[in-house]
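**Q** Below are the structure tokens for one structure; questions will follow.
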Amino acid sequence: MDAGMIWEWIIKSIFLILFMTGGFAYVTLLERRVLARMQVRIGPNRVGKFGLLQPIADAVKLIFKEELIPAGADKLMFIVAPVITVIPALIITGVIPWGTSINLFGREIALSIANVNVGVLYIMAVTSISVYGITLAGWSSNNKYAMFGGLRSTAQMISYELALGLSLVGPILLAGSMNVMDIVQAQKTLPFALLQPAGFIVYFMATLAEINRAPFDMPEAEQELTAGYHTEYSSMKFALFFMAEYIKMIAVAMIGSTMFLGGFQGPFVDQLPWLGPVYLFGKVIVWLFVDIWIRATLPRIRYDKLMALGWKVMYPIALLNVFITGILVVLTTKR
Amino acid sequence: MPPLGVIILYAIIGLVSVGSAVGLLVSRNAIYSALFLVLNFLTVALLYLVLGAPFIALAQITVYAGAIMVLFLFVIMMLGAEKLTESSLRVRGLRVLAVVLGLVFAAEVALFLVVRGGIPAAPAEPALTFGDPAAVGLMLFQQYTLPFEITSVILLAAMVGAIVLTRGDLKDRLARRAALEKKA
């Protein structure tokens, strides 16, 4: 391993983090503009052309807000919780390949950070620890609404994690590998969404619950819980929660596109490797648009219905999907 | 000897691991204890990673840090049992039990060192396919089929047990159903 390799990794990691945070800023703008259009409003269009500088204005506003720490809060946990929430969101896409490799300055650069043989398991591991931040934020605020928001989201996230994990088993079985790169290569001719429609739908719905988006945005149901787990947070700490939420949204769109929609695969990607990131980016944008569309369309479902849906519908479907896929893979594999 | 970088990394992870274990014991707040345990699980996972077993490392994070400890935290918060009181520490025979178990552990370590004749030498670098998910799976289903099946039956029994316990007995259920119908 030479020094160049290490620098390559560092630069790629920093690029990924900057890309995710920059993506966060513009997804908020996309969401506000698209929601506004769907509700026959105009949305933020004053700052810069098409409102393109709006995220910067928002950030400046949030920085100058007062930082509040409620009396009786657990100070250490109150400060650490937003950080714990952001970190998993930032690192989860480390195993997603953006393309095969491109030649830059006479150096062959692989368009993936970590091409490991346990990639999918890494995604599951990071998802499973991302619950802590929200739970701790709810607990440390010393506020009953926040507490209930935290408890709800914990219950919701661990319930839907099962369906989420099982829905990812389908692509693993079809590709015969846990390496994300192998899974993308296996979708050269046919994206797995067509072979795994049930798994794809379960993944899509489970991720909506996992990232607390409408119609499953129970933890922050305004009418019942004011703002849920982040009721007491203000200024940059609030911004961190917001950031985590939108980065997770991008991350699940990226993972979903990679596992089910063929990732960076597309026409002519073999001849022109730089098309890979473009295809992935396009798929992610479409995915995000559908997320926003659903938020504008569907009302929030009741909490007990949400849990019943998770345990009694999605979990059995995901389990059955794994079972049937397993049998079909064994039957159709040529020995 | 492994390279210096690996030794330093190992020392840091080891210190954090032992430190978090001690923190778990001395902390008077159940939430902090649980979080120390999470930290401990994460450092143990890193140790597995240093030893070249990524599958075990990530399984450790997913199962212990991600699933089991979240449930622990959830229960602690639900019951509001964060603060340790003086009376909850006064369990009879706790100190004696701790001393006895500590002595047993020390004896075990001593016995291990005597039987193995000192600290074992560093093992050879494992092959790249070592701890590969496919290899682990094959080993689990070929070499250790019986223990694997027994474990799964025990887990199933525990699951059924949990459901039966929360459902209550037949009389209880009938009474509850009758009450519901009355209300409707």
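The values are calculated or read from the model by the stated rules, or taken from the named source; none is laboratory data. Just so it is clear, the structure is predicted and the values come from calculations on it, not from any experiment. FYI the Cβ positions are ideal-geometry reconstructions off the backbone, even for glycines, and counts take in every protein chain you see. Keep in mind that these areas ignore ligands, DNA and RNA; they rest on the heavy atoms of the full protein, side chains included. Shrake-Rupley method; radii C 1.70, N 1.55, O 1.52, S 1.80 Å.
**Q** Among the listed pairs A:LYS49/A:LYS75; A:LYS12/A:LYS75; A:LYS312/B:LYS171; A:LYS248/A:LYS305; A:LYS61/A:LYS305; A:LYS248/B:LYS183, which are separated by more than 32 Å between their Cα atoms?
**A** Going by Cα-Cα distance, A:LYS49/A:LYS75; A:LYS12/A:LYS75; A:LYS61/A:LYS305; A:LYS248/B:LYS183 fall outside the 32 Å limit.
**Q** Now, a different point. Of B:ARG95, A:ARG152, which has the most accessible area with a 1.4 Å probe, and how do the rest follow in descending order?
**A** Sorted descending by solvent-accessible area, the residues read B:ARG95, A:ARG152.
**Q** In whole Å, what are the extents of the protein assembly as shown along the principal axes defined by its C-alpha atoms, from largest to smallest?
**A** 74, 67, 53
**Q** Identify which of A:GLY138, A:GLY199, A:GLY22 has the largest mean-square fluctuation in a Gaussian network model of chain A, with springs joining Cα atoms closer than 10 Å.
**A** Its mean-square fluctuation being the largest, the pick is A:GLY22.
**Q** Moving on. Using the alpha-carbon atoms, what tilt in degrees (0 to 90, nearest 10) does helix A:197-210 show relative to the longest principal axis of chain A?
**A** Helix A:197-210 sits roughly 30 degrees off the main axis of chain A.
**Q** Moving on to the next point. In square nanometres, what is the average projected area of the Cα convex hull of segment A:175-316?
**A** 10.5
**Q** Turning to a different aspect of this structure: Using just the helices of the protein assembly as shown, give the 222 nm mean residue ellipticity in deg cm²/dmol: DSSP H runs with n ≥ 4 each add -39,500 (n - 2.57), and the total is spread over all residues, rounded to 500.
**A** Mean residue ellipticity, 222 nm, calculated: -22500 deg cm²/dmol.
**Q** Next question, about the same structure. Please report how far the C-alpha centroid of segment A:11-61 lies from that of segment B:16-76, rounded to the nearest whole angstrom.
**A** About 37 Å separates the Cα centre of segment A:11-61 from the one of segment B:16-76.
**Q** For the Cα atoms of chain A, what angle does the longest principal axis make with the long axis of helix A:235-260, in degrees from 0 to 90, nearest 10?
**A** 20
**Q** Then there is this: Note the per residue figure in Å³ for the convex hull of the C-alpha positions in segment B:144-184.
**A** Residue-normalised Cα hull volume stands at 59 Å³.
**Q** Provide the net charge surrounding A:PHE216, with neighbours chosen by a C-beta distance below 9 Å and charges set as Lys +1, Arg +1, Asp -1, Glu -1.
**A** Net charge in that neighbourhood comes out at 0.
**Q** So, how do all the Cα-to-Cα distances of segment A:111-152 break down into 10 Å bins, in percent, from 0 on up?
**A** Computed distribution, short to long bins: 27, 30, 21, 18, 4.
**Q** Roughly how large, in nm² to one decimal, is the mean projection of the convex hull of the alpha-carbon atoms in segment A:55-106?
**A** Its average projected convex-hull area is 7.0 nm².
**Q** Could you please state, rounded to a whole Å, how far the C-alpha centre of segment A:66-89 is from the C-alpha centre of segment A:283-335?
**A** 33
**Q** Right, another one. Counting partner chain Cβ atoms within 10 Å of every residue's Cβ in A:70-77, what's the average?
**A** Taking the mean over all residues of the peptide, I get 1.
**Q** Hey, any idea what the orientation-averaged projected area of the convex hull of segment A:60-332's Cα atoms comes to, in nm²?
**A** That works out to 16.2 nm².
**Q** Let me ask another. Using a 1.4 angstrom probe and counting only protein chains, how large is the accessible area of B:THR166 in Å², to 10?
**A** Approximately 110 Å² for this residue.
**Q** So how exposed is B:VAL136, as accessible area in Å² (1.4 Å probe, rounded to 10)?
**A** It works out to around 40 Å².
**Q** Against the longest principal axis of chain A, how steep is helix A:144-175, in degrees 0 to 90 to the nearest 10, with axes from Cα atoms?
**A** 10
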